[in-house]
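Heads up, the thing below is written out as structure tokens.
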Amino acid sequence: MALCLHRESNKNQIMDNSKYVRYTPEQVEALERVYAECPKPTSLRRQQLIRECPILSNIEPKQIKVWFQNRRCREKQRKEASRLTTVNRKLSAMNKLLMEENDRLQKQVSQLVYENGYMKQQINTVSSTTTDTSCESVVVNGQQQRKHPTPQHPERDANNPAGLLAIAEETLAEFLGKATGTAVDWVQMIGMKPGPDSIGIVAVSRNCSGVAARACGLVSLEPTKVAEILKDRPSWYSDCRCLNVLSVIPTGNGGTIELIYLQTYAPTTLASARDFWTLRYTTSLEDGSLVICERSLTTATGGPTGPPATSFVRAEMLPSGYLIRPCEGGGSMIHIVDHIDLDAWSVPEVLRPLYESSKILAQKTTVAALRHIRQIAQETSGEIQYTGGRQPAVLRALSQRLCRGFNDAVNGFVDDGWTVMDSDGVEDVTIAINSSSTKFLGSQYNTLSILPTFGGVLCARASMLLQNVPPALLVRFLREHRSEWADYGVDAYSAASLKASPYAVPCARPGGFPSSQVILPLAQTVEHEEFLEVVRLEGPAFSPEDIALSRDMYLLQLCSGVDENASGACAQLVFAPIDESFGDDAPLLPSGFRVIPLEPKSDGPAATRTLDLASTLEAGTGGTRPAGEIEASNYNHRSVLTIAFQFTFESHYRDNVAAMARQYVRSIVGSVQRVAMAIAPSRLSSQLTPKPFPGSPEAVTLARWISRSYRVHTGGDLLKVDSHAGDAVLKQLWHHSDAIMCCSVKMNASAVFTFANQAGLDMLETTLLALQDIMLDKILDEAGRKVLLSEFSKIMQQGFAHLPAGICVSSMGRPVSYEQAVAWKVLNDEDSNHCLAFMFINWSFV
């Protein structure tokens, strides 16, 4: 009887820890409330929950722990099921797209087989014919041409809607032939493979007039929303200066015809900008798809004449556009075609690959449009979480302002008020000024232009050609190692323009000042091809009277194109000084770097650094190049680097600021040249020859000190060297399998690395040139710093210490794990402390 009562009382509760527990709806509701606040409560929190909720008092804490584990598992399964459903939908759409592409290719093969058979038949017929009928053929063909003359386009102008509609329908037919047909010979772009997580299927043209690119992708937005985004070209196309819709004409089929004047920026200072005069046609197809197609209006097509522009070269847009198909279950399948002729013959021969590359067009325009739509879709669905309290639209606006300000500086349009100053006799750096008051009033510079002595904005810009330096690698280096090229005094002068007395530092001090940077992430795009960040520059004051100035300066920085596997991608690093608490509409004066790859060419002798500044700098770097570097140069990897730096100035300081800016940009060019020469062989020829070790007498002495100190402190041998003569110790240390590095030990100063062997450089992902920019506390995580701090006194007293396994970070931000670390004091010949040495054993990238 007692057993029956016991079972009845625990009918809905716990019988045994191994039995299933049935909870009442009230209990589930109470647990769900706690789960919403804290999905993984601690044991103390679970016990507190039992005390606070009487309905849970008869449940053991262990069973509540099991409930939370099961609840987290169900949540994970729900998310995984949702993800798999999305992936399945994407794969179904991709499969449909690939089937259409397969059908298109099969039709193309059938057509080629038919044409091949027909040509063989004609050749056999001609070879068997003995009578010469060429003259008769000419007469007959001439008669046929007179009977069927080549159709000419009727006169079309803006006052003739029927003529414009005819152009629009022709554009639509040609565009659809490129988007879904065989009008262009498409080749899949390298590195852009289709898949559920890819951006889509990207192809480039082969053997067609101009350059063309095509992309197909799936997004979770409705067709009308996608069309609205794509038509707003300035919001996603960074090279768009302005887009003016001069006329809108409705058509009888419910569509619209727009006459558009488009201006684009030049990517470098060595070429003119392009503009387009186009007709854009928006309509719907019978299957419900939306189409936005566009083409240039020329004398061949007919139509009205576009507005003239003296600072631009008129380019031609061949039938291009967007086909937007609705998908079952929501979303849209987008087909994008870009086909343009940029008049490559109007630019210097060395720059023509920029205007003849379909890959560059694909990255800058076609893929950029698809990425922007995908970004908007994920922001709309709430998949992207942003920190800092700023909305995604605000962060995108800041990125666009940085890009636009940098493009304005590079191009320096006359209608914006820019004028070029006289040079100092060397045509390497161009100085342009903008003193137009109408330019700054009501713009981003309005806080500066109200000053009574405000003279305007000065821009120093230059371009150069680089050899064997991947753009992504160079920009990553410039971002991570700012002290290699930047001057703290110039940064302070730029930052001073944001303060109440903006010209407290009238010009840059001679010489560099030591400073460190801290990069604070702000936002990044879905595929991490672009990220916005705030950089805090830490450095000393110039003098006691400058202590009033803030020692910490801040930059808003945009970095893009740092993926080394992206074919044809442009890499860019743009930054602008900001106040510590900058607003969404804070004034920005961008400066920075842009590196654009040039298509490899087979004409090796012409592919040398002979452009502009590069030629004069190369003349001073004589000597022979290592064999590995010579072999790497066979890759013929060329790129164009454009530099532009902007400064505000007072009227009476204009010449001083101009001289400072010219000297500063020249010093940056020299620094970039040194960096390029340092990083090019290490990456491009790493598979060809091993890294050379530093053979200077100082390095040999340091290697001997490191090995001897390790033996003195630990009693073991770091190296197995038969002879200590010459550089045998240094060679073994350099090629040691574990990462060995030394750092300085100074009072009241951060420990910076001074030496590393080849494994150490690989672990830190840096070079000997840039090693001194890396501080010890920046590569260690929080646990590593605490361990080192607790063991530091032991290291100084005993001479060495063994550190446990942990995680550190390379200079490029990649996590590195190691099984053990050894730290020891390095003593010089007088047994005085020289530096600290670290050895990271069995390290690997996580």
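The values are calculated or read from the model by the stated rules, or taken from the named source; none is laboratory data. As the structure is a computational prediction, the values presented were derived from the model and not from experiment. As a convention, Cβ positions derive from the backbone with ideal geometry for all residues, glycine included, and neighbour counts pool all protein chains shown. We work out accessible area using only protein heavy atoms, side chains counted, and drop any ligands, DNA or RNA first. Shrake-Rupley method; radii C 1.70, N 1.55, O 1.52, S 1.80 Å.
Note on the range 196-243: residues that are out of contact with any strand residue (DSSP E or B) (no Cβ under 9 Å at 6 or more places or on another chain) and on the phi > 0 side of the Ramachandran plot amount to 1. The number of residues in the range 727-778 being modelled with pLDDT under 85, open to solvent by less than 10 Å² (accessible area, probe 1.4 Å) and not in a loop (DSSP other than H, G, I, E, B) comes to 1. Quick check on the range 576-588. Is at least one of its residues crowded, with 18+ Cβ neighbours inside 10 Å, outside any loop (DSSP other than H, G, I, E, B), touching a Lys or Arg at 6+ places or on another chain (Cβ under 9 Å) and modelled with pLDDT of 65 or more? Scanning the range 576-588 turns up at least one residue that is crowded, with 18+ Cβ neighbours inside 10 Å, outside any loop (DSSP other than H, G, I, E, B), touching a Lys or Arg at 6+ places or on another chain (Cβ under 9 Å) and modelled with pLDDT of 65 or more.
Conditions tested, residue by residue: (1) in the same structural domain as ASN656 (by the TED database); (2) closer than 30 Å to MET677 by Cα; (3) out of contact with any Lys or Arg (no Cβ under 9 Å at 6 or more places or on another chain); (4) modelled with pLDDT under 80.
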position: SER494; (1), (2), (3), (4): yes, yes, yes, no
position: SER501; (1), (2), (3), (4): yes, no, yes, yes
position: PRO510; (1), (2), (3), (4): yes, yes, yes, yes
position: ALA523; (1), (2), (3), (4): yes, no, no, no
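One residue stands out among those in the range 169-191 that are at pLDDT below 80 and touching a Ser or Thr at 6+ places or on another chain (Cβ under 7 Å): the one that is most open to solvent (accessible area, probe 1.4 Å), which is ILE190. Checking ARG390, ARG404, ARG374 one by one, the residue that is part of a loop (DSSP other than H, G, I, E, B), open to solvent by 10 Å² or more (accessible area, probe 1.4 Å) and closer than 30 Å to LEU522 by Cβ is ARG390 and no other. Quick one: is ARG51 more than 30 Å from SER220 (Cβ to Cβ), exposed (fewer than 14 other Cβ atoms within 10 Å of the Cβ) and among the basic types (Lys, Arg)? Considered against the rule, which asks whether it is more than 30 Å from SER220 (Cβ to Cβ), exposed (fewer than 14 other Cβ atoms within 10 Å of the Cβ) and among the basic types (Lys, Arg), ARG51 comes out as yes. Of the residues making up the range 796-846, those that are under 25 Å from ARG479 (Cβ atoms) and part of a strand (DSSP E or B) are ILE807, CYS808, VAL809, PRO815, VAL816, SER817, PHE840, SER844, PHE845.
In the condition set (1) closer than 23 Å to GLY306 by Cβ; (2) part of a helix (DSSP H, G or I); (3) at pLDDT below 90; (4) open to solvent by 20 Å² or more (accessible area, probe 1.4 Å), PRO234 is compliant with all but (3). Only a single item in (1) closer than 30 Å to SER463 by Cβ; (2) open to solvent by less than 50 Å² (accessible area, probe 1.4 Å); (3) of a type in the set (Gly, Ala, Ser) is not met by SER209, and it is number (2). Those strands (runs of 3 or more DSSP E) of the range 285-361 in which 3 or more residues are open to solvent by less than 20 Å² (accessible area, probe 1.4 Å) occupy 290-296, 320-326, 332-341.
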